[in-house]
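A.B. asks: Got a structure for you, written out below as structure tokens; questions coming shortly.
The values are calculated or read from the model by the stated rules, or taken from the named source; none is laboratory data. Model, not experiment: these values are computed from the prediction. Cβ placement follows ideal geometry from the backbone for every residue including glycine, while neighbour counts extend to all protein chains displayed. Heads up: the accessible areas ignore ligands, DNA and RNA and are worked out on the full protein's heavy atoms, side chains in. Shrake-Rupley method; radii C 1.70, N 1.55, O 1.52, S 1.80 Å.
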Amino acid sequence: EPFPNTLQVLSWKNPLGWWQWARQLRGYDHVIFIWWVPTIQGPIYLSMLQALRKSKPRTTIICHNVLPHEPRPGDPALTKAVLQRVDQVIVHSAAQAILAKRISSSLVKVCDIPMHAPTGAHRITKEGTTPLKRLLFFGIVRPYKGIDVLLRALVEIPNIELTIAGEFWGNGEEYRKLIDSLGLKSRVRLREGYIPVSQLGELFASADAAVLPYKASSATQNVGFAHLYGLPVIATRTGSMSSQVRDGVDGLLCEPNNVKSLTQAIKHFYEPGMAVKLAHGIPDNPDEQGWKNYINTILSK
């Protein structure tokens, strides 16, 4: 569950299996690869593409990030080798398209990543119009997502609390130390670990807005998740968020890796009437056409 027709057959430690499974795909018209970790997937995909060469199916690679946010030695070379050998590359922001075109002569297409909405998710209606004075960061906590910038901005805004909810990439101790050093221990709650779908409604209902202070980004579903549950978004102008958040309509945008800009955006959000206005600006169906557009982009020639 919930994907009964999925086979998990590839292993990084079984090169023979890469070739064998690629041979079984020779009768297919279209083979789609997902690009995530070049040092692991690069050798696997190069082997499979070589095995598929004679049957010549159409090949697509979906790049959530053309290059990883925390790159390793060899990532650029492996990425170029794979992207050069497929028919088309799907990316999720204009910046990623530019990067893909620099290293590959394959056809590059841009399409917003569609929502993977949990079953039963619905907009939360809050009582009254008085803000809770609490913000939410949710998702995997990684250095590029700018939690340090958000914490430093929070210092400048008394009486606002913050919940950081999600799994930590590595050890969360550095964030706990930063929270202590900034004197924010009483205002910041860490909810570490995976958040089950059954708890998402309660999590989003406990905040006025979701804050996504990314220093850099390719694409994220977190804007869509927040809007799905009825939360406005305060985000940086990076990656897909520049188009996902309608500044002044369903959220606010600020400059990436800029404490002053983020501070101003949060203060603007808490100006009288602004939080309610932005909540009312969220569309009823945040991503109604998302999957149709995505599938059409992949299948069109």
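A.B. asks: To the nearest 10 square angstrom, what accessible area does residue 277 show with a 1.4 Å probe?
C.D. replies: Counting only protein heavy atoms, the figure is 110 Å².
A.B. asks: Same structure again: What are the extents of the Cα atoms of the stretch 232-273 along their three principal axes, in Å, largest first?
C.D. replies: So the three principal-axis extents are 29, 22, 10 Å.
A.B. asks: Using a 7 Å offset from the Cα along the Cα-to-Cβ direction at both residue 54 and residue 87, what is the distance between the two label points in nm, to one decimal?
C.D. replies: 2.0
A.B. asks: Could I ask something else about it? PRE reach from residue 105 (point 7 Å along Cα→Cβ): which of the stretch 21-52 fall under 19 Å by backbone N?
C.D. replies: Correct set: 50.
A.B. asks: First compute the accessible area of the stretch 143-228 with a 1.4 Å probe, then give the percent of it belonging to carbon and sulfur atoms. Please list the in-between numbers first.
C.D. replies: Numbers: 1780 of 3620 Å².
Using a 1.4 Å probe with all protein chains present, the stretch 143-228 comes out at 49 percent carbon and sulfur.
A.B. asks: Points 7 angstrom from Cα along the Cβ direction at residue 184 and residue 260: gap in nanometres?
C.D. replies: The two pseudo-label positions are separated by 1.9 nm.
A.B. asks: For residue 165, list long-range residues whose amide hydrogen, built 1.01 Å from N in the peptide plane, is under 5 Å from its own amide hydrogen.
C.D. replies: It is 137, 138, 139, 191, by chain and number.
A.B. asks: GNM on the chain, C-alpha springs below 10 Å: top fluctuator among 158, 38, 76?
C.D. replies: Judging by the Gaussian network model, the answer is 158.
A.B. asks: Using helices alone, I'd like the mean residue ellipticity at 222 nm for the chain: each DSSP H run of four-plus residues gives -39500 (n - 2.57), total over residue count, nearest 500.
C.D. replies: On the way: 12 runs with 106 residues, N = 301.
After summing the helix terms and dividing by the residues of the chain, the value is -10000 deg cm²/dmol.
A.B. asks: Give me the one-decimal nm value for the distance between modelled label points at residue 169 and residue 94, 7 Å along each residue's Cα-to-Cβ direction.
C.D. replies: A separation of 2.5 nm, rounded to one decimal place.
A.B. asks: Ok, one more. Full extension from residue 11 to residue 133: what is 0.36 nm times the residue separation minus their Cα-Cα distance, to one decimal in nm? Write down the numbers at each step before the final one.
C.D. replies: On the way: separation 122, 0.36 × 122 = 43.92 nm, distance 4.72 nm.
Stretched out fully, the residue 11 to residue 133 stretch lengthens by 39.2 nm.
A.B. asks: Subtracting the Cα-Cα distance from 0.36 nm times the residue separation, let me have the gained length for residue 277 to residue 243 in nm, one decimal. Walk me through the numbers on the way to the answer.
C.D. replies: Details: separation 34, 0.36 × 34 = 12.24 nm, distance 1.90 nm.
The residue 277-residue 243 span can extend by a further 10.3 nm.
A.B. asks: Straight-line reach only, C-alpha to C-alpha below 20 angstrom: list the aspartates and glutamates that residue 277 could link to, leaving out same-chain residues fewer than 8 apart.
C.D. replies: Within the straight-line cut-off, residue 277 pairs with 127, 208, 247, 250.
A.B. asks: With the dipole of the chain worked out from charges on the C-beta (+1 for Lys and Arg, -1 for Asp and Glu) around the Cα centre, which of 211, 103, 150 lies farthest toward the positive end?
C.D. replies: Checking the options against the dipole of the chain, the answer is 103.
A.B. asks: Continuing with the same structure: Run the reach check for residue 109 against lysines, Cα to Cα strictly under 20 Å, same-chain hits fewer than 8 apart removed. What comes back?
C.D. replies: Residue 109 reaches 80, 101, 292, 301.
A.B. asks: How big is the convex hull of the Cα atoms of the stretch 137-211, per residue, in Å³? List each step's numbers first, then the result.
C.D. replies: Details: hull volume 6.4 nm³, N = 75.
Taking only Cα atoms, the stretch 137-211 has a hull volume of 86 Å³ per residue.
A.B. asks: Any idea of the accessible area per residue across the chain, 1.4 Å probe, to the nearest Å²?
C.D. replies: 53
A.B. asks: Could you give me D for the chain, from Stokes-Einstein at 37 °C and 0.692 mPa s, where the hydrodynamic radius is the Kirkwood radius over C-alpha pairs? Units µm² s⁻¹, please.
C.D. replies: On the way: Rh = 21.0 Å.
The estimated diffusion coefficient comes to 156 µm²/s.
A.B. asks: Compute a Gaussian network model of the chain, connecting alpha carbons closer than 10 Å, and tell me which residue from 234, 34, 266 fluctuates the most.
C.D. replies: Comparing 234, 34, 266 in the GNM, the peak value goes to 34.
A.B. asks: Using only C-alpha positions, report the orientation-averaged shadow area of the convex hull of the stretch 88-244, nm², one decimal.
C.D. replies: Numbers: hull surface 42.5 nm².
Convex hull of Cα atoms, orientation-averaged projection: 10.6 nm².
A.B. asks: Given a Förster radius of 25 Å and the C-beta distance between residue 270 and residue 191 as r, what FRET efficiency does 1/(1 + (r/R0)^6) yield to the nearest 0.05? Kindly include the intermediate steps, with their values, before the conclusion.
C.D. replies: On the way: r = 22 Å, r/R0 = 0.89.
So the FRET efficiency works out to roughly 0.65.
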